[in-house]
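**Student:** Next up is a structure, given as structure tokens.
The values are calculated or read from the model by the stated rules, or taken from the named source; none is laboratory data. Note that this is a predicted model, so its numbers are computed, not measured. Glycine gets a Cβ as well: all are built from the backbone with ideal geometry, and neighbour counts include every protein chain shown.
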Amino acid sequence: MFRLLPSTRFLGVRTTPRQKIHLVWFKRDLRVFDHAALWEAWKGSRQDSGCVLPLYIVQETILSAPDSDARHWGFIRESLTELRQNLATLGAPLVVQCGQAVDVLNHLHERHRLAAIYSHEETGNLLTYAVDRAVGAWARHHHLPWHEYPQNGVIRRLTSRTGWAGKWERRMTQPVIEIPPDLSPVPGLDPREIPILTLPAIGGSRFQKGGEARAHKTLQTFLDHRGATYSKGMSSPVTAWQGCSRLSPHLAWGTISLKVVVREARLRAEDLRATKKSGAASLYSLGSLRSFGSRLHWRCHFQQKLEDQPDLEIRNLWRMADGLRPEEPDPAKLAAWKNGLTGFPFLDACLRAVRETGWMNFRMRAMMMSFASYDLWLPWREPALHLARCFLDYEPGIHYPQVQMQSGTTGINTLRMYDPVKQGRDHDAQGLFVRRWVPELANVPLVYLHEPWLMSASDQAACGMRAGRDYPSRIVDHKAAVAAAKERLYGLRRSRAAKEETDAIQQKHGSRKSGLTPRTKKPKPPDPQRLLGI
């Protein structure tokens, strides 16, 4: 339930007709450093001796949507608290208003006569897209300028993917935008408290904290030492918690800009190359930084897909896949998958861990979605919504193209069907992760830990775990389920109509080699789901 405390109501006084107010609408850009909209609003206020009004709008329809969870608001609220402090230091504290965006903006415009609105472009879900369209129509009706600025490599209204990589590179090498030296506030405007909200929650408590300072500290520790073996350690949940950058929530909610991360990673790479050239030893792998850098590029590549085709959130990209799976998921299978009760220990450990912590490394994200789509043959929409609620770093532009990739509904990607047993043995060979998150199996011998169904009745009795009572029997036979999925999907792909549609999809959404600057190599495509949890 969405609850607005009475103390959060907007209070203010009318400004004089001579004062021009430049409103900065914060969305997924909760920072002051490298913030184009804030800088341009400050410039506008300097030119006409006006005021700057920093605004964040808490929208019930978005926070109560099926892809949202209380953990998201927790991260946002922590970030808003710091953002307000940083803006207050500059002279104009953040104002937080609750309601529909058009209603809030209309009220402010009627009361104060806004001079212009400034914000970053956003590639969000269909709800935020509808909000932006409504605000755009409202602004045009009132002849009110709305200036939007890019904050990553996603190109608004892109007509062709040709040359996209070069455009991304040019954006990432633009100068970082400094923090404005001061902001003139709107006189008499009381920002009040940031609201306390009661929102739907799926549980969990061990989440990363929000805020711009934490974002920069996280980047610093990653580039200083945590990412030394990034390329080797990111595949296993045992090592990825520390070895991955853990910047994905901060990038998703904008407490740090992608440009800053790219710049700092490249500066660190230059330092490492100089160290290597001098003959000095370094524990940090230059290859790890190259791997990290390629993922920063590819996250925008996938965001561009949703920007170009917003209905990927609800419809198959490859329309030949329509009707391939049941319209509604099997409720028992979906519940077992959500709750980590599939009978596959490593998979269940991942499903439980991501609910509790809000984070999981790339390969395990791929495995979780693969199992739902291929082994359980569930339509991808409901599993996608569950994972969106789980992921603290939920980024619609990455999430839905990746979910569809893992479900075989893009038509252009290799089908990857992950074996939970093999993944467990490869990435949790000692069973540390499984024993932590599936305590029912704490006493099961390692030889059986990833396949407890192989234990005899006497083996089960000896370790105090009876299959089907203390821990569920496996929900499907993986080999048989995957074989059936392959037969269905590859059968579809062989038709002429499927190939023609695939060619059209590749033309619209596929990567291009042209457009890269001469010194820039085309990044090697990562495995699916590496884009979140970087």
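**Student:** Name the single residue that is modelled with the highest pLDDT among those in region 488-502 being surrounded by 12 or more Cβ atoms within 10 Å (Cβ to Cβ) and among the charged types (D, E, K, R).
**Tutor:** Arg488
**Student:** Does region 202-210 include one or more residues that are not assigned by TED's automatic domain parsing to the domain that holds Leu94 and not in a loop (DSSP other than H, G, I, E, B)?
**Tutor:** No, the conditions are met nowhere in region 202-210.
**Student:** I'd like the residue in region 435-480 that is within 16 Å of Pro420 (Cβ to Cβ) and hydroxyl-bearing (Ser, Thr, Tyr) and, out of all such residues, is farthest from the chain's Cα centre (by Cα).
**Tutor:** The selected residue is Tyr448.
**Student:** How many residues does region 214-244 contain that are among the small types (Gly, Ala, Ser) and under 20 Å from Ile76 (Cβ atoms)? Step through it out loud before you land on a result.
**Tutor:** Filtering region 214-244 for residues among the small types (Gly, Ala, Ser) gives 215, 227-228, 231, 233, 235-236, 240, 243.
Of the ones still in play, those that are also under 20 Å from Ile76 (Cβ atoms) are 215.
Matching residues across region 214-244 total 1.
**Student:** Looking at region 363-384, which of its residues are polar (S, T, N, Q) and over 16 Å from Glu327 (Cβ atoms)?
**Tutor:** Within region 363-384, the subset polar (S, T, N, Q) is 370, 373.
Matches in region 363-384: Ser370 only.
**Student:** Would you list the helices (runs of 4 or more DSSP H) that sit entirely within region 392-503 and hold 1 or more residues that are of a type in the set (D, E, K, R) and over 26 Å from Met360 (Cα atoms)? Quick ask: steps written out before the conclusion?
**Tutor:** Details: elements: 396-407, 420-427, 432-437, 446-449, 457-463, 478-493.
Passing ranges, in order: 457-463, 478-493.
**Student:** Among the candidates Asp311, Asp348, which residue alone is of a type in the set (Asp, Glu), within 30 Å of Trp453 (Cα to Cα) and touching a residue at least 40 places away in the same chain (Cβ under 8 Å)?
**Tutor:** Working: Asp311 fails: within 30 Å of Trp453 (Cα to Cα).
Testing whether each residue is of a type in the set (Asp, Glu), within 30 Å of Trp453 (Cα to Cα) and touching a residue at least 40 places away in the same chain (Cβ under 8 Å) leaves just Asp348.
**Student:** Then there's this: Name the residue, out of Val186, Val135, that is in the same structural domain as Trp39 (by TED's automatic domain parsing), closer than 25 Å to Gln59 by Cα and among the β-branched types (Val, Ile, Thr). Write out each step before concluding.
**Tutor:** On the way: Val186 fails: in the same structural domain as Trp39 (by TED's automatic domain parsing).
Result: Val135 is the single residue among Val186, Val135 that is in the same structural domain as Trp39 (by TED's automatic domain parsing), closer than 25 Å to Gln59 by Cα and among the β-branched types (Val, Ile, Thr).
**Student:** So which residues in region 119-150 are of a type in the set (S, T, N, Q) and either modelled with pLDDT under 95 or under 20 Å from Tyr400 (Cα atoms) (or both), if there are any at all?
**Tutor:** Those that are of a type in the set (S, T, N, Q) and either modelled with pLDDT under 95 or under 20 Å from Tyr400 (Cα atoms) (or both): Thr123, Asn125, Thr128.
**Student:** Based on this model, can you work out whether Gly287 counts as more than 21 Å from Leu158 (Cβ to Cβ), surrounded by fewer than 23 Cβ atoms within 10 Å (Cβ to Cβ) and without any contact (Cβ under 8 Å) to a residue 12 or more places away in the chain? Show your work before the answer.
**Tutor:** Numbers: more than 21 Å from Leu158 (Cβ to Cβ): yes; surrounded by fewer than 23 Cβ atoms within 10 Å (Cβ to Cβ): yes; without any contact (Cβ under 8 Å) to a residue 12 or more places away in the chain: no.
Criteria not met by Gly287.
**Student:** For Ala269, only one of the following conditions fails: (1) touching a His at 6+ places or on another chain (Cβ under 9 Å); (2) assigned to a helix (DSSP H, G or I). What is its number?
**Tutor:** Going through the list (1) touching a His at 6+ places or on another chain (Cβ under 9 Å); (2) assigned to a helix (DSSP H, G or I), Ala269 breaks only (1).
**Student:** For region 364-384, give me each residue that is among the aromatic types (Phe, Trp, Tyr) and in a helix (DSSP H, G or I). Show your work before the answer.
**Tutor:** Step one: of region 364-384, the residues among the aromatic types (Phe, Trp, Tyr) are 371, 374, 377, 380.
If the condition is that a residue be among the aromatic types (Phe, Trp, Tyr) and in a helix (DSSP H, G or I), then Phe371, Tyr374 are the ones that fit.
**Student:** All but one of (1) under 30 Å from Ser160 (Cα atoms); (2) without any contact (Cβ under 8 Å) to a residue 60 or more places away in the chain; (3) in contact with a Gly (Cβ under 6 Å, 6 or more places away or on another chain) hold for Leu415; state the number of the condition that does not hold.
**Tutor:** (2)
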